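The values are calculated or read from the model by the stated rules, or taken from the named source; none is laboratory data. Keep in mind the model is a prediction, meaning the values are calculated, not measured. Using ideal geometry, Cβ is built from the backbone for each residue, glycine included, and neighbour counts are taken over all protein chains shown.
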Amino acid sequence: MDKVGRVLIEEEALNKRIKELGMEITRDFQGKKLVMVGILKGAVVFMSDLAKHIKLPLEMDFMAVSSYGASTKSSGVVRILKDLDLEVEDKDVLIVEDIVDTGLTLHYLCDYLLSRKPNSLKVCSCFDKPSRRKIPVTIDYLGFEIPDEFVIGYGLDYDQKYRNLPYVSVLELEKDDK
Ligand code: 5GP
């Protein structure tokens with residue numbers, strides 16, 4: 001745990017906000033054919049907590065797109081590594097993302113999912129770093145706005161580790177790692 005820096009969002013604050021998001025989504029998706037599409041792997045922890053607070057019948061699916069490796073810089077190149085298993089035509093799709101940074105991933109995903117002709121498409125992201133945006137994107141349901149820092153925990157990794165932290169921390173690299 002040597003790279004876990006100061007805590008940005010405590011576990012209690014996460015739980016409280018995610019419950020609120022679940023209630024909002026429950027209210028807004030009454031009578032709709034909700035399909036939650038989680039973006040692997042970062043959104044897994046958020047999606048499973050969020051889904052428990054959505055009191056509606058729903059389907060779950062996952063997509064995987066290329067993202068960061070061990071580096072903390074976005075490549076800007078989006079590639080589908082795992083496509084949807086479910087048919088989403090005429091359904092009400094809710095993309096569940098871990099964090100929106102430049103917006104490139106989400107922009108691509110929205111375009112892609114719209115081409116599958118859903119009845120509606122909305123976005124729910126646990127975190128947002130608006131100061132880093134390169135392309136405008138709409139986030140319909142947002143957990144927390146955070147400053148321009150590389151964060152880990154609650155699904156977010158550094159070099160595939162720290163996803164299991166129940167809180168969000170700032171990554172603390174030693175001089176040799178930078
Ligand atoms: P974007 O395409 O918006 O630049 O990047 C989105 C993806 O980059 C996220 O889904 C996430 O995987 C990764 N990412 C962006 N910021 C962070 C961060 O602070 N920490 C971690 N662990 N991943 C991040």
Taking first residues from segment 148-164 that are farther than 15 Å from Glu10 by Cβ and second residues anywhere that are in a strand (DSSP E or B) and polar (S, T, N, Q), the pairs with Cβ under 8 Å that are 6 or more apart or on different chains are Tyr162/Ser169
With respect to Asp83, is the statement that it is within 8 Å of the ligand (Cβ to nearest atom) and within 14 Å of Ile39 (Cβ to Cβ) true? no
Report every pair of residues separated by at least 6 positions or lying on different chains whose Cβ atoms are under 8 Å apart, first residue within segment 80-105 and over 20 Å from Val45 (Cα atoms) and touching a residue at least 12 places away in the same chain (Cβ under 8 Å), second in a strand (DSSP E or B) and near the ligand (Cβ under 6 Å from one of its atoms). none
Does Lys19 satisfy being out of contact with any strand residue (DSSP E or B) (no Cβ under 9 Å at 6 or more places or on another chain), modelled with pLDDT of 95 or more, within 19 Å of Tyr167 (Cα to Cα) and not in a strand (DSSP E or B)? yes
Can you name the number of the only condition in (1) loosely packed, with under 15 Cβ neighbours inside 10 Å; (2) of a type in the set (Ser, Thr, Tyr); (3) farther than 25 Å from Glu20 by Cα that Tyr158 fails? (1)
Output the number of the condition that Gln30 fails; it satisfies all remaining conditions of (1) without any contact (Cβ under 8 Å) to a residue 40 or more places away in the chain; (2) part of a helix (DSSP H, G or I). (2)
Condition check for Leu142: within 23 Å of Arg27 (Cβ to Cβ), in a strand (DSSP E or B) and more than 13 Å from the chain's Cα centre (by Cα): no
Identify, from the list Val35, Val7, the residue that is under 23 Å from Gly103 (Cβ atoms) and not in a helix (DSSP H, G or I). Val35
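Have a look at Leu165, Leu113 and point out the one that is surrounded by 19 or more Cβ atoms within 10 Å (Cβ to Cβ) and part of a helix (DSSP H, G or I). Steps first, answer last, please.
Working: Leu165 fails: part of a helix (DSSP H, G or I).
Within the list Leu165, Leu113, the selection yields Leu113.
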